[in-house]
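Structure record follows, encoded as structure tokens.
The values are calculated or read from the model by the stated rules, or taken from the named source; none is laboratory data. Just so it is clear, the model here is predicted, and its values are computed rather than measured. Cβ atoms come from the backbone with ideal geometry, glycine included; neighbour counts cover every protein chain shown. Calculation scope for accessible area: heavy atoms of the full protein, side chains included, ligands and nucleic acids excluded. Shrake-Rupley method; radii C 1.70, N 1.55, O 1.52, S 1.80 Å.
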Amino acid sequence: GFVASATVQPFVSATTSENSDSHVLIALQHSLFCSKMFDAIRREVASDTEEVGQVRTTASAVERATLWVSTSGSAHNQQEQQQFLPTPGAMVRGDLGLGQGIAVIHCHEGEVMIQLDSEYTLRIKLVEAARKGEDHKSSLQNNDTAGSSGGHTPAQLLVLCRALMLHAQEIYHAHSLRQDEARQREEEAEQAKQATSSFALRRKARQATSPRILQKCTCLGSKMLMERRVRGTLKQVQEWMKQSLLPSMPQMTEPIRLQVQWLPLSALDSHAQFTVSLVTANDDNHHCLWYVDVHLTGEKLSVTSFSSAAPAWSSSAAEYRKVDFYSEQELQLFLQHAIRNQLRLLLNQE
């Protein structure tokens, strides 16, 4: 299968590269940072992992949102089983306020592999510093020679790997800063009371929260993959409306078009939001006939609609609906059905 990868690289300035001692120190700091970040990731699925230089954090709540996917046999059989696995959202729900659930394929001493969605897997592993250049070259060669990379291009998957790596570093760094600030406040409070207790301090340290890097990266990765598929689906719906639906309704005299507006959020946000609306295509006046709000979190699509035109069987003056989808095909069928009904309703009113 196709493989795309990205590695964490230390920042070395021109002056630092000339000093051999500074270069060695930065390399050691970088190795320690990568080791501690990987231990924090592995602890989400293996709570017995000991962090370098720190006590073990609790991960009971994270474990309840984790599912172990059984893949036995040879590597070829495991790859075939992974291709037919459902999405992580269908296998485990992250309803604990922790984000999306994790579908774990395996967890070794230096490698963790999870099911990102129904098509792709995410592997996080520690590699030797001398092998990083070789792995990067092999990844580039794979990008050039691979005939198929699934539903996304090799360039898109490479951007995804780099984005997840950057997101993981940002999460771990921000969590470390918060932990240091909380520990400093606790020490200052204990000193102010002049009643320090080493046992109490150790107990508070053991109850430190997990940064949940793996869960947040899974949510971001599945969201980025789903967003690309949804954008392609929306273009297909627009083409279907222009080429198939509107020509089949010649009595529709008023020009109508489908409008999609995305909320401008950062690419590293774990959610996205957009609206789909039917508007009149007149140059002088744009009137909205129907719209839905779609909120994308991970691989979950929450569609909310509010229509002022109630159906014949309803006694209310308006209709509110909310439904969740977990694939772009379901969203496409929903939009096509809703658009067709709205246009038919508009023709009956005329």
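Of all residues in region 255-273, those that are free of Cβ contacts under 8 Å to residues at least 40 places away in the same chain have Cβ atoms under 7 Å from Cβ atoms of residues that are open to solvent by less than 70 Å² (accessible area, probe 1.4 Å) and aromatic (Phe, Trp, Tyr), 6 or more apart or on another chain, in VAL260/PHE274; GLN261/PHE274; TRP262/PHE274; LEU263/PHE274. Assess whether GLY232 counts as being within 21 Å of the chain's Cα centre (by Cα) and surrounded by 18 or more Cβ atoms within 10 Å (Cβ to Cβ). When the stated conditions are applied, GLY232 does not pass them. Restricting region 86-109 to residues that are open to solvent by 30 Å² or more (accessible area, probe 1.4 Å) and in a loop (DSSP other than H, G, I, E, B), the residue that is modelled with the lowest pLDDT is LEU96.
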